[in-house]
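The values are calculated or read from the model by the stated rules, or taken from the named source; none is laboratory data. All values reported here derive from a predicted model rather than from experimental measurement. So basically every Cβ, Gly included, is an ideal-geometry build from the backbone, and we count neighbours across all protein chains shown. Remember, those area values only see protein heavy atoms, side chains included, never the ligands or the DNA or RNA. Shrake-Rupley method; radii C 1.70, N 1.55, O 1.52, S 1.80 Å.
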Amino acid sequence: MPLAMSGLILVALAACAVLLLGLFRPQLAYPATQVFLAAAVVVELMTGTSSGHWWGGLFVQDAFAAFIKPVLLVVSMAVFLYGRPMVSRWPQGEYYTLGLLAVAGMLILTSAGHLLTLFLGLELMSLALYAMVALDRDNDMASEAAMKYFMLGGLSSGMLLYGFSLLYGITGTMNLQAMALALGGAGAPGSAVVVALTFALAGTAFKLGVAPFHMWLPDVYEGSPAAVTLFVGAAPKVAALVLLARLVGQGAQANLAIWQPALMVLALVSMAVGSFGALWQQNIKRLLAYSAIAHMGFVLLGALAGSEAGYGASIFYMTSYAVMSTAAFGVVLVVCQMAQTERIADYAGLAERSPWLAAVMMLTMFSLAGVPPLLGFMAKLEVIRAAVGAGAVRLAVLAVLLSVVAAFYYLRVVKVMYMDAPTVALGRSPDVTVPADIKLVLGLNGAMILLLGMMPGHVLHWCQQALRGFLLPS
Amino acid sequence: MLPALPFYLASAFLIGASLGVVGSRNPVYAALFLVLAFVSAAVLWLLAGAEFLAMALVVVYVGAVMVLFLFVVMMIDVRLAVLHRSFVRYLPLGVLVAVAMMVQIIAALRGLAQGAGHAFPEGGNTEALGTLIYTRFLYPFEIAGLILLLAIVAAIALTLRRREGTRHQDPGRQVLVRKQDRLRLWRLPPHQASGEQLPASAQREDT
Amino acid sequence: MNVGAGHLLVVAAVVFAIAVAGFFLNRRNVLLLLMAIELILLAVNTNLVAFAYQHGDLTGQAVVFFVLTVAAAESAIGLAILVTLFRNRGSIDVEELGRLKG
């Protein structure tokens, strides 16, 4: 058995252990989850370098997986930390078990060099997420959001799988490397490849939440309890990008001519829908949902180049987005606890009430908008550079223009926090003490946005390094 | 080469049943049409040499999953929905799009699988598949185990409600009971000749 | 006329198209959407069986085995969510899923 699998096994064992703990000592479920995840990070860092292919590509460890897996684990740890006060009323063992199984699914997906494990990892993650959204059982909105998420998620899995079955039929293999070779060969029938890749891309776009396959996203973000929205919006996005990179980047790398135009259209529509759709939103979670759609468009800008540098830029963008989105939802969660509100108008006066919270939120909003010294700016710069390198100059110009539009609504949040007089919700809310660890990590999270933005060199280098050897030499 | 008559018969049933699932007004009928679709598909799979899967489809799907569906259909208050106006309005458009998609797919797939298929090597399909799943596909098999665990946990967490005030036996507690819990010994005053009743305090108290 | 794997693919494509159309046309209740998803997965599995027959390769059949497992887990979770929704709403009408503006 490959050594590199240890982290995954640890997470799967953790899920079982936490399930049992939840039965006998519910209050220990949370600390145990964090301890196991921290141990998994350490194990991944120690064993991640032992690369190779096992069982005909069912399990693959490469530099890419070695970079993504610790990121996924660390993001999940932060997500569990921010969500803890909100989920303390829910069945503890079940919540953390589902969360850990979702993480296990992402790890499986990240290490998949075969369509079967790609699919199984994705389903393990998605099924856990559907259940987590609905876990607050008496919450009317949450059940509706879970139902929508489940329906459209199920449909997208079906589409993806239909594409997979055709790819298997065309190439006679499910191993991604062998598939790349077969699809690049002369024998592959062109029209069938187009149909197969269309379905596979549509399914991936659903999972990624890219317009025009984004219908589920605003409703799920708004309807889910904020702690779960945070979960759905951070690590699974990274996993969806991994799906795209493995499937399209590795499996269909020879068919650039087919999927590059499709990705360009998806990127453009997504950035436009995300930027304009958010302008009129009153609910902060809905605003962040449209912001997610727009950001996924930017992620595609890097991926459409189809080169290792392009995917490196995409991964860097996605990692930065995960950091920013975690910080944003962290603040949203604290405000939720403080004032029981998700309306943007109710954020008025946050700067007086809690200056550090408002400062973290301001930093995050500026970064999401792409204001220069911050992380979001560097990420945008990299993907736009990749897109220009791929010859999509007009698309890059449009991307810059659309990010100016998007800056309006991020700045609106900052203006409300700093300029407007407090409304009833925040003004009269009782004092809620924010746990010290949440304060600390939220502060660190904000500091990361600032510091990594000013000195992105190391992370960027890691991202580029992680993609070395990702594609077959052409 | 597949035998033609059973193939066309099963295909006709499969397509008809699919239309029935999509078009039924009553969810119970739809569920039963789905059962018919699964059984017809099982026949097709049998023709194509997937014996074990055909059986698994009937046993697992028709036997378990569809029963679950029917159970939920019966549990939930099903209103025989009147066809909504939007359904009728969009029906022609929907049919058009579906037919267009179908034609496109079929046109693209032409030439993908031509000629006779390969016969599988001799020696039962079940054995060959089992060998494959328990050796090369052991890792996915374990993942499938995780997915089933997830389904169990999620389904129970979402639907199980402990009701207050129900009366039921708890065998564990019954077994664990000790003598002290049930039995109390009383020292009774000596019997009196006058034949009086026992004092109230000396009644046996057991629970 | 000879019947081969190609014919199976055509049948699967027809079922797939019917199911996808049914998914989008359905304005009645969520259960029928769940059934449409089951039909889509049935079409996928039929495809895989056909290709396994075509290539003489059991991998396709093994994958069907896993897809069946996942589909069963999926319908269990879907039905559980449906039951919670029904308890909260007293209805599973698709048109009443409008509290979140779509």
Review point. Which one of A:Thr229, A:Thr198 is surrounded by 21 or more Cβ atoms within 10 Å (Cβ to Cβ) and either within 13 Å of chain C (Cβ to nearest Cβ) or assigned to a helix (DSSP H, G or I) (or both)?
Key: A:Thr229
Practice item. Report, by residue number, each residue of the range C:23-32 that is in a helix (DSSP H, G or I), more than 7 Å from chain B (Cβ to nearest Cβ) and more than 11 Å from the chain's Cα centre (by Cα). Key: C:Val30
Exercise for review: Only residues that are over 22 Å from A:Ser88 (Cα atoms), more than 17 Å from the chain's Cα centre (by Cα) and more than 10 Å from chain B (Cβ to nearest Cβ): list them for the range A:113-143, please.
Suggested key: A:Gly113, A:Leu115
Practice item. For the range C:31-46, indicate whether the set of residues that are of a type in the set (Ser, Thr, Tyr) and closer than 23 Å to B:Leu149 by Cβ is non-empty. Key: no
Revision key, fill the gap. When (1) within 24 Å of A:Tyr168 (Cβ to Cβ); (2) at pLDDT below 75 are applied to B:Ile143, the one that fails is (2)
Point to revise | Number of the condition not met by A:Gly158 [criteria: (1) over 20 Å from the mean Cα position of the chain (by Cα); (2) more than 12 Å from chain B (Cβ to nearest Cβ); (3) under 20 Å from A:Gln253 (Cα atoms)] | key: (3)
Study note, to complete from the structure: Going through the range A:1-24 in order, the residues found to be within 11 Å of another protein chain (Cβ to nearest Cβ) and closer than 12 Å to A:Phe59 by Cβ are A:Met1, A:Pro2, A:Met5, A:Leu8, A:Ile9
Revision key, fill the gap. Only unsatisfied item for A:Met106, checking (1) within 11 Å of chain B (Cβ to nearest Cβ); (2) at pLDDT 95 or above, is (1)
**Study point:** Search result, residues across the range B:66-125 that are modelled with pLDDT of 75 or more, exposed (fewer than 12 other Cβ atoms within 10 Å of the Cβ) and not hydrophobic (A, V, I, L, M, F, W, C)
**Key:** B:Pro92, B:Gly124
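Please state which one of A:Tyr418, A:Tyr409 is hydroxyl-bearing (Ser, Thr, Tyr), open to solvent by 70 Å² or more (accessible area, probe 1.4 Å) and under 17 Å from A:Met365 (Cα atoms). Spell out the reasoning first.
Details: A:Tyr409 fails: open to solvent by 70 Å² or more (accessible area, probe 1.4 Å).
Of A:Tyr418, A:Tyr409, the one residue that is hydroxyl-bearing (Ser, Thr, Tyr), open to solvent by 70 Å² or more (accessible area, probe 1.4 Å) and under 17 Å from A:Met365 (Cα atoms) is A:Tyr418.
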**Study point:** Which numbered condition B:Asn26 misses (of (1) surrounded by fewer than 23 Cβ atoms within 10 Å (Cβ to Cβ); (2) at the interface with another protein chain (Cβ under 7 Å from one of its Cβ atoms))
**Key:** (2)
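Restrict the check to the range C:33-40 and report whether at least one residue is acidic (Asp, Glu) and not in a helix (DSSP H, G or I).
Keep residues of the range C:33-40 that are acidic (Asp, Glu), which gives C:38.
Checking the rest, the ones that are also not in a helix (DSSP H, G or I) come to none.
No, the range C:33-40 contains no residue that is acidic (Asp, Glu) and not in a helix (DSSP H, G or I).
Filter the range C:1-26 for residues that are among the aromatic types (Phe, Trp, Tyr) and open to solvent by less than 10 Å² (accessible area, probe 1.4 Å) and give the result.
Step one: filter the range C:1-26 for residues among the aromatic types (Phe, Trp, Tyr), giving C:16, C:23-24.
Selection gives C:Phe16 alone.
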Practice item. Kindly indicate whether any position in the range C:64-75 is modelled with pLDDT of 90 or more, open to solvent by 10 Å² or more (accessible area, probe 1.4 Å), facing another protein chain (nearest Cβ under 7 Å) and over 18 Å from the mean Cα position of the chain (by Cα). Key: no
Point to revise | Selection count where residues are open to solvent by less than 80 Å² (accessible area, probe 1.4 Å) and either charged (D, E, K, R) or within 30 Å of A:Glu144 (Cα to Cα) (or both), scope the range B:167-189 | key: 2
